[in-house]
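The values are calculated or read from the model by the stated rules, or taken from the named source; none is laboratory data. Everything numeric in this text was worked out from a predicted model, so none of it was measured. Quick reminder, even Gly has a Cβ in these numbers, built from the backbone with ideal geometry, and neighbours come from all protein chains shown. These accessible areas exclude ligands, DNA and RNA; they are computed on the full protein's heavy atoms, side chains included. Shrake-Rupley method; radii C 1.70, N 1.55, O 1.52, S 1.80 Å.
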Amino acid sequence: LSTAAELAETQKEIVEERKTRTRQQIGIVIIIFLVFLAAVTLMNFFLLNDIIAIGAQSSSAASQFGGEPVEGSVIELIFFHGAIIQGLLSGVTAGYIRTGEYKPGIKYSLVFASVAMLVWTVTRGVFG
């Protein structure tokens, strides 16, 4: 009887330790997503205009090699889609880490993608 009690206690400790480790890993996934979102947002709203201005000055050099300048709206769209894709994949990863299955990651994906859309919409409204 004491062996069964020790086994149950050990099993309970293992489950608690796994929960603690998975919480830490999910926290890391969330932080990585937020850092990526911040970096892409900052690049889009603060660096993109400078890059376009530099590109306009050197567009004659690009045309010599057969290249064409890329419009800022295209780059902004690529950044936006990158943030959404990062959110979706981070959500699937977080769900898999937590449960060992991909299906529960859908709710994380929806939350992360919604956060990305909300941040993008707000910053676009503010910095427009």
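Here the Gaussian network model covers the chain, with springs between Cα atoms less than 10 Å apart; of ILE51, ILE32, ILE85, ILE51 fluctuates the most. Take the chain, connect every pair of alpha-carbon atoms lying under 10 Å apart with a spring to form a Gaussian network, then pick out the residue of GLY27, GLY91, GLY105 with the largest mean-square fluctuation. Sorting by GNM fluctuation, first place goes to GLY27. When the chain is treated as a GNM with alpha-carbon contacts under 10 Å, the residue of ALA53, ALA83, ALA39 showing the greatest mean-square fluctuation is ALA53. Based on protein heavy atoms only, the chain ends up with 72 Å² per residue of surface accessible to a 1.4 Å probe.
Calculated on the alpha-carbon coordinates, the convex hull of the chain measures out at 127 cubic angstrom per residue. The 1.4 Å probe gives accessible areas that order TYR102, TYR96, largest first, as TYR102, TYR96. Of the heavy-atom accessible surface of the chain (probe 1.4 angstrom), what whole percent is carbon and sulfur? That share works out to 66 percent. Simple point charges give the picture: +1 on the Cβ of Lys and Arg, -1 on the Cβ of Asp and Glu, and for the chain a dipole about the Cα centre of about 320 debye.
Along the charge dipole of the chain, pointing to its positive end and built from +1/-1 on Cβ of Lys, Arg, Asp and Glu, which listed residue (PHE112, VAL74, VAL122) has its Cα farthest out? Checking the options against the dipole of the chain, the answer is PHE112. The distance between label points at LEU47 and LEU7 comes to 5.8 nm (points 7 Å beyond Cα on the Cα→Cβ vector).
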